[in-house]
Each structure stands twice: as C-alpha cells, then as structure tokens.
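Have a look at the structure below before the remarks.
Rule-based calculations on the coordinates, nothing more; no lab input. Since the model is a prediction, treat every value here as computed from it, not as a measurement. Here the Cβ positions follow ideal geometry from the backbone for every residue, glycine too, while neighbour counts run over all protein chains shown.
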Amino acid sequence: MKKAVIVGTGLGAMTTALRLSSRGYAVEMVEKYHQPGGRLNQFKKDGFTFDLGPTFFSMTYEFEEFRKDVGMEKLPFTFRDLDVLYSVNFRGSDKRYMIYRDLDKLAAEFEAVEPNFREKMDKFLAGAASFFHDTEYLVLKRNYDSVFQYLMTLLRVPVKYSPKLLRSVWSEMERHFESREVKEIFSLVAFFLGATPFDTPAIYTILSYTELVHDGYHNVVGGMYKIVDGLKKELDKAGVKMHFNTEVVDYISENGTIKAMVDQNGNTWEADLFVVNADAAWFRHKIFKRKKFTEPKMDKLKWTLAPFTMYLGLDTKLEGVPLHNYFLGDNFKEYSGKIFKNDIKLDQPYYYVNIVSKSDPESAPEGCESVFVLCPVPDMRFKPDWSDSEQIAENIIKDLSGRIGVDLDKHIISKTVMNPVEWRDAFNLYKGSGLGLGHDLDQIGGFRPKNFDEEFSNVFYVGASTVPGTGLPMAVISSKLVTERITKAYGPVHK
C-alpha cells in the first residue's frame, strides 16, 4: 500500500485525502493549527460561534462530483440556498440595495438608477455564461505540464473572447451599465478574489453568472464549519489520522525524492508521496528555499489583499439587517486604487458584515447576535505595522453603528480582532495575504505555481495558490486535479 502524508488540513487537503483513501492509499495528515479546516475554520468565545473565514460560496455541484468520486452515499453537511445574496449600502445614503437571485426582483432594486436594467443584465450575464461554459472544462478543470501546454490550450478558446483577456472587470462593467451604483456593486466579485475590479481580468465576470444564474450562493446549515466536521467524520471512518499542532519546518531528501517531512519537534513523517496544502508558493519559499521563490521574488508577485477580521458578540438582536452585507464608501475608484499599497487611510474602510446568527441561531445565546466583519486591507509588504488594529476596529464599529442605527459599543459583550499578522502566523499566509496569489493573467492556469514539484518527483500541491485558484469550489477542483496527477504517477492501489 502506498502511503501519502498531507501537509495541512484545509478543504483541498481533506478532499484530496478522501479521494486518495478511496483509491487505496494510506493517508496521514499533519496540521500546524489546533484543529482542521485551514481558513475554513471556526472560532468560539463567550458562548458565541463564528466561521473564521468563508461564509458563502457557489458551484455546489463540485461537492457533488467529489461525493460521487469517493463513493459517499450523501454529503455529510447540508447546503442552504440564499435568495437574498447580499445587501449593499453606500456611505451617506439610507438606501440599501438588496441583491436578489431573482432577476425581476433585482431589476426593481435598480429601476431608479439604471434604466432598462433587466435587459442590460440579461445581455451581460449571457456573455458571462457563454464564456464560462466554453472554458470551464477546456481551461479551468485541467492540469498543465508546462506554460507551453497552457498557451496551446488558450489558442483553442474562441477568438471572440480575446477582448475579455485585455479588459478589467471594471471596464467590462462600463460596457454594459451606466450608473455608478450598478457598476460598483456588480464589480464586487473582484473583491471575492482578494483583488479590486480595476486589476482583475474581465474573465472573472463569470462569477456574476455563477452567483445570479448558474448555481447561486449557498451557505451550510449549522455554519460553514459543518463542512469540515462532516469531512473529518468521513476521514475518521476511512482510517485517516490527523495530527494537530504539528508544523513542517524541514525535510529529508534522497535521489530527487522526499523521504520525510520534519516537524518543529524534530519528528519525521515518512511516506511514498507528499501533498502540500500549505500555500504552494510559500512552501517553495520557506521550506524548500527555491531560487525562484526568494523573498524579493515573492514580494514582486501579485498577492491578494489581507484580511482584517472582527468577531463580535452582541447582547441585542439587529432587526432589519440582512445576513450578508457590504458597506461601501463614496470614493470607490480612489479607494480601490490605493488600498492595495496602503496609500489611503483606514479611517473610513470598506467592509463586509455577516450576521451569523441570522442563518444559524445556535451560534449566539438567546436574544444575542454573532457578527463577523471582514475588511480587506494591505498585506504586510505595504503595511507591516498593525499596532493600530484597535483604532481600525473602532473606526469600523463606529461607521457600522451609524449605518444600521445601533450604538454597537453599548451592546458588545465579546470582541476579538484578527489582523494580517495574526492571520499570517495562524496559517502561514505569505505577508498575511488572505487568499494566496492573485489572479492576474500572468498568475493563472499554467502560470500559477504547479501542483507538482519541480525538483522532487513525489511532492504535489493542492489549494489556493496552485491550479485552478482560490475559493471553496476551486479547492475541491484542485483536489481532483492533484489526485489525477498522483494516480497517473502511482496508479490506484488496492487496500
């Protein structure tokens, strides 16, 4: 029986472990954090429960593909469709735009600012749908052995899509819509990728199609961590062992292969093959010390924005505030252009709020509310000092209080702040970058760090910074792609 050791226990790692186990591999997992899940994690304090990172997602059918692949009777967690995807409020306005999946309801929201909205949106979504379905299997869901192979694949993409490769998300919005509100709201998909609409290729407008038409947005009954809990039970049944508080810091190699990974206590973890779920670029930089991934070269790569998060427990209910909310300012272009490099003050930041207990009441004591706040901020290349974290948190709380008409300071009974330094230290995120490498044209597909190692033939990678990219469904696809690589090299083995 071939043995695989997986470094990390994020979604990509857990789904890879189950795929390999179902193919007859013995699998063992080591994890730096105290519990599984990676950034798909959970935080509990003072009787409140929060999802640490992701709070909703699309492309649920990728989980169904995974379920069938590993022979699971049913998924060990339950999806919940979101009819109201999220709300958006602009600073200085009492108007709250509700983003419905129902396109007729959605059109009614914008009739005052965007004439013929439905007609324009239908045209916009039709273009995004066409691109998505023409490239999903051709480009997205496949392995690349070289940049040349990737470029040859791109030549098979219909020429009519070439302009999308040259335009940004913002310029694509400007081609379809007139009002500032519509362009800003529907370019928020770029922020889901940890970037801004001015530096994200227009090809990612496919996310508008997936959120509004193709599959919609979902969360999970009982909280997003139920995904991890459910997969952990399946891994236990499969005999896959997890070891926590175990950080890989070194390795032992021989004749072009890794013989063992070495943890912080000097313990060795031997296997026939290794799958790295730590960031694919970071691991090559920090552990393998590759010349192509030195710190100066890493710093020149395009990384996603860092997370600044707050987890608030309130002793009151927030009536009238939806589940998912975006609070934007009145300087969208300026803010987007300057936030990456810390060229703008964080006194009036843009942020996202998830009222956790609206979806899962058990996450807060009776009569209380669990509130998760995410503010995308510069990574530590541009803002290494986060001693002002409390002030930034207070800025957000003050702004949110004014927007929803509730003095939150009078109702906060539990408060925890995580800045990019703490995110970096918890999950080995390079300079605190929240979602790994960005999705610029020179960092996607065959240009992304490969899911197989350049020097060690028995080392593979899964997760956000390798193919196909960031996001929960992408992690599941990533596990499929790396499993294809492994079984091609080693074959399925019999238990």
Here the alpha-carbon Rg of the stretch 347-495 over 2.2 N^0.38 Å rounds to 1.39
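Just to be sure I understand: if I project the alpha-carbon convex hull of the stretch 1-142 onto a plane and average over all orientations, what area do I get in nm²? Walk me through the numbers before you get to the answer.
Working: hull surface 54.5 nm².
Quarter of the Cα hull surface area: 13.6 nm².
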Ranked on Cβ counts within 10 Å of their own Cβ, fewest leading, Y490, Y137, Y33 go Y137, Y490, Y33
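Compute the Cα gyration tensor for the stretch 387-463, then decide on rounded, prolate or oblate, letting a ≥ b ≥ c be the square roots of its eigenvalues: rounded whenever a/c is under 1.5, prolate when a/b is larger than b/c in the other cases, and oblate in all that remain.
Values: a/c = 3.90, a/b = 2.66, b/c = 1.47.
Verdict is prolate for the stretch 387-463.
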For H243, other-chain or 5+-apart residues with amide H closer than 5 Å (H placed, Pro excluded) are M29, V30, E31
Note on the chain, DSSP bridge orientation, antiparallel percent to nearest 5 equals 70
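Can you put F283, F56 in order, fewest other beta carbons within 10 Å first?
Going from sparsest to densest Cβ surroundings: F56, F283.
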Partner lysines whose C-alpha sits under 19 Å from that of K480, ignoring same-chain residues fewer than 8 away, are K2, K3, K68, K74, K141, K232, K450, K488
Percent relative contact order for the chain, counting Cα pairs under 8 Å at least six residues apart, stands at 24
For K345, counting only lysines whose alpha-carbon sits under 17 Å away and dropping same-chain residues fewer than eight positions off, the answer is K333, K383, K398
Taking alpha-carbon centroids only, the stretch 281-340 lies from the stretch 407-483 a number of Å equal to 11
For the stretch 102-215, the Cα-Cα pair-distance distribution in 5 Å bins from 0, as whole percents, is 2, 11, 20, 23, 20, 13, 6, 3, 2, 1, 0
Quick calc, Y490 & T416: beta-carbon distance into FRET formula, R0 30 Å, rounding 0.05, result 0.10
When the charge dipole of the stretch 206-342 is computed with +1 on Lys and Arg Cβ and -1 on Asp and Glu Cβ about the Cα centre, the Cα farthest towards its positive end, among G337, T316, G256, belongs to G256
Quick calc, the chain, dipole around Cα centre from Cβ unit charges on Lys, Arg (+) and Asp, Glu (-), nearest 20 debye, gives 1520
With -39,500 (n - 2.57) per DSSP H segment of 4 or more residues and division by the full residue count of the chain, the 222 nm estimate, nearest 500 deg cm²/dmol, is -9500 deg cm²/dmol
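In nm², what is the average projected area of the convex hull enclosing the Cα atoms of the chain? Write down the numbers at each step before the final one.
On the way: hull surface 89.6 nm².
Convex hull of Cα atoms, orientation-averaged projection: 22.4 nm².
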Quick calc: nm separation of the 7 Å Cα→Cβ label points for D330 and F198 -> 1.9
Listed by chain and number, the aspartates and glutamates with an alpha carbon less than 19 angstrom from that of K226, same-chain partners under 8 positions apart left out, are E31, D51, E62, E64, E65, E73, D81, E234, D236, D360, E362
Dividing the mean separation of Cα pairs under 8 Å (6+ apart) by the residue count of the stretch 102-215 yields a relative contact order in percent of 32
Once amide hydrogens are built 1.01 Å from N within the peptide plane, the residues lying 5 or more places from A260 or on another chain with amide H under 5 Å from its amide H are I252
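Name the shape class, rounded, prolate or oblate, that the alpha-carbon gyration tensor gives for the stretch 161-303, where a ≥ b ≥ c are the square roots of its eigenvalues, rounded holds for a/c under 1.5, and otherwise prolate holds if a/b is larger than b/c and oblate otherwise. Don't jump to the answer; show the numbers that get you there.
Details: a/c = 3.23, a/b = 1.65, b/c = 1.96.
Note, shape of the stretch 161-303 comes out oblate.
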Note on the stretch 235-315: alpha-carbon gyration tensor, axes a ≥ b ≥ c; rule is a/c under 1.5 for rounded, else prolate if a/b larger than b/c, else oblate; result oblate
Between the Cα axis of helix 11-22 and the main Cα principal axis of the chain, the angle (0 to 90°, nearest 10) is 40
For L85, the residues 5 or more places away or on another chain with a placed amide H closer than 5 Å to its own amide H are I99, Y100, R101
Rounded to the nearest 10 degrees, the helix 389-404 long axis (Cα) sits at an angle to the longest Cα principal axis of the chain of 40
Reduced to Cα centres, the span from the stretch 23-79 to the stretch 110-133 in Å works out to 34
